Amino acid sequence: MAAQIIDGEAVAAQVTTKLKEEVAQLKAKGVQPRLSAVIATDNKGARIYASNQAKTCQEIGLAYDLCELPPTSTEAEVIQAIQKLNADPKVSGIIIQMPLPDGVDARRLQMMIAPGKDVEGMNPANQGRVVYAPQPFYRKPKAGEPGFDNWLEASLNWPLPAPAPCTPSGAMMLIRSLKQDLYGKEAVVVGHSEIVGKPMGLLLVAHFCTTTWCHIATRDLAAHTRQADILCVGAGKAGLIKGDMIKPGAIVIDIGINRIPEVGADGKPVLNDKGKPKMKTVGDVDFDKAKEVAGWITPVPGGVGPMTVAMLLRNTVEAAKAQAK
């Protein structure tokens, strides 16, 4: 039986609808949440991304500013712009658009954003929020004990930390949306980056999953993935996870985003009207094969991607709330 497709667009819409209500409430109290983006590039893709951000913010009532710097800016000049936004009480959240000018250290710039305004969750202080994720429980209640009757609801609805890395937070929301009891489930995370893999594993542990991280040094990847009740993949390698590497009935969350050439029935690249290979976006999981084995699976695009955007907006709103206090 084919897997149930996890609709990231639908879950993200639920999140943004709630955020729109929260923003309206904040505005009624005289608080205007504001997201400021620092951009120092002429890259067309970055400009389109910034334009889409502005549109998405407008839809829920967030103010959006673009702090534009020349593509020849030095690291010191970008830091100066960030520090100015840090000091501006009207700014709730700050993000840095990529790519940055040559010689500018993106990681150092992320460290310069004030933790309370770091809505991408990259600052070590916000990574620490994931480690200390609050929980409404410390073990699953037994029948007859207080909390047993509403165990599942409580375990799936406690507030996720914020600001926190957007992509793993969004992936966790998709897992929660399935309304499955996660207690004791075997979870495997493929990839151990600071922004996706590591916090993803920590969020699963916070839900009392028994969690394994796999990475480039893992000797037998399939031996681990076949044991996973929940498989989250964010390695950045198209087709890494094959159908026979998945446990039947598993929850598969594909966090990868890769651009690869389209291939026709003859096995040759499909060309566009300019004679160049057509490209398509895929994840790290062989979707067509995996969906025949998994119980639930996210598509790429349309899965984790929309949730990443929704969590960025959530982090901005939560930052505005904290600053208003």
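The values are calculated or read from the model by the stated rules, or taken from the named source; none is laboratory data. In this text, all values refer to a predicted model and were calculated from it rather than measured experimentally. All Cβ positions, even for glycine, are placed from backbone atoms using ideal geometry, and neighbour counts span all protein chains on display.
Summary of values
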| item | result |
| --- | --- |
| Members of segment 76-130 found to be on the phi > 0 side of the Ramachandran plot and in contact with a Pro (Cβ under 9 Å, 6 or more places away or on another chain), listed by number | 121 |
| Single unsatisfied condition, residue 104 versus (1) under 25 Å from the mean Cα position of the chain (by Cα); (2) under 26 Å from residue 207 (Cβ atoms); (3) not in a helix (DSSP H, G or I) | (2) |
| So residue 104, is it farther than 30 Å from residue 42 by Cβ, out of contact with any strand residue (DSSP E or B) (no Cβ under 8 Å at 6 or more places or on another chain) and among the β-branched types (Val, Ile, Thr) | no |
| Checklist (1) in a helix (DSSP H, G or I); (2) over 28 Å from residue 19 (Cβ atoms); (3) under 22 Å from the mean Cα position of the chain (by Cα) applied to residue 260, failing item | (1) |
| Segment 217-242, residues that are basic (Lys, Arg) and touching a Lys or Arg at 6+ places or on another chain (Cβ under 7 Å) | 226, 242 |
| Residues that are within 14 Å of residue 293 (Cα to Cα) and acidic (Asp, Glu), drawn from segment 232-277 | 244 |
| Positions within segment 1-57 being over 29 Å from residue 100 (Cα atoms), out of contact with any Lys or Arg (no Cβ under 6 Å at 6 or more places or on another chain) and modelled with pLDDT under 95, in sequence order | 1 |
| Qualifying position, being free of Cβ contacts under 8 Å to residues at least 24 places away in the same chain and either of a type in the set (S, T, N, Q) or part of a loop (DSSP other than H, G, I, E, B) (or both), among 144, 128 | 144 |
| Residue check for residue 90: surrounded by fewer than 19 Cβ atoms within 10 Å (Cβ to Cβ) and touching a residue at least 24 places away in the same chain (Cβ under 8 Å) | yes |
| Subset tally (residues that are in a loop (DSSP other than H, G, I, E, B) and touching a strand residue (DSSP E or B) at 6+ places or on another chain (Cβ under 7 Å)) for segment 70-96 | 3 |
| Pair list, Cβ < 6 Å and 6+ apart or interchain, from segment 32-53 residues that are surrounded by 20 or more Cβ atoms within 10 Å (Cβ to Cβ) to residues that are of a type in the set (Ser, Thr, Tyr) | 33/92; 33/316; 34/92; 35/64; 35/316; 40/73 |
| The listed residue being out of contact with any strand residue (DSSP E or B) (no Cβ under 6 Å at 6 or more places or on another chain) and either surrounded by 17 or more Cβ atoms within 10 Å (Cβ to Cβ) or not aliphatic (A, V, I, L, M) (or both), out of 284, 220 | 220 |
| Only one of 320, 294, 310 that is in contact (Cβ under 8 Å) with a residue 24 or more places away in the chain and not in a helix (DSSP H, G or I) | 294 |
| Subset tally (residues that are surrounded by fewer than 23 Cβ atoms within 10 Å (Cβ to Cβ), within 14 Å of the chain's Cα centre (by Cα) and among the hydrophobic types (A, V, I, L, M, F, W, C)) for segment 287-325 | 2 |
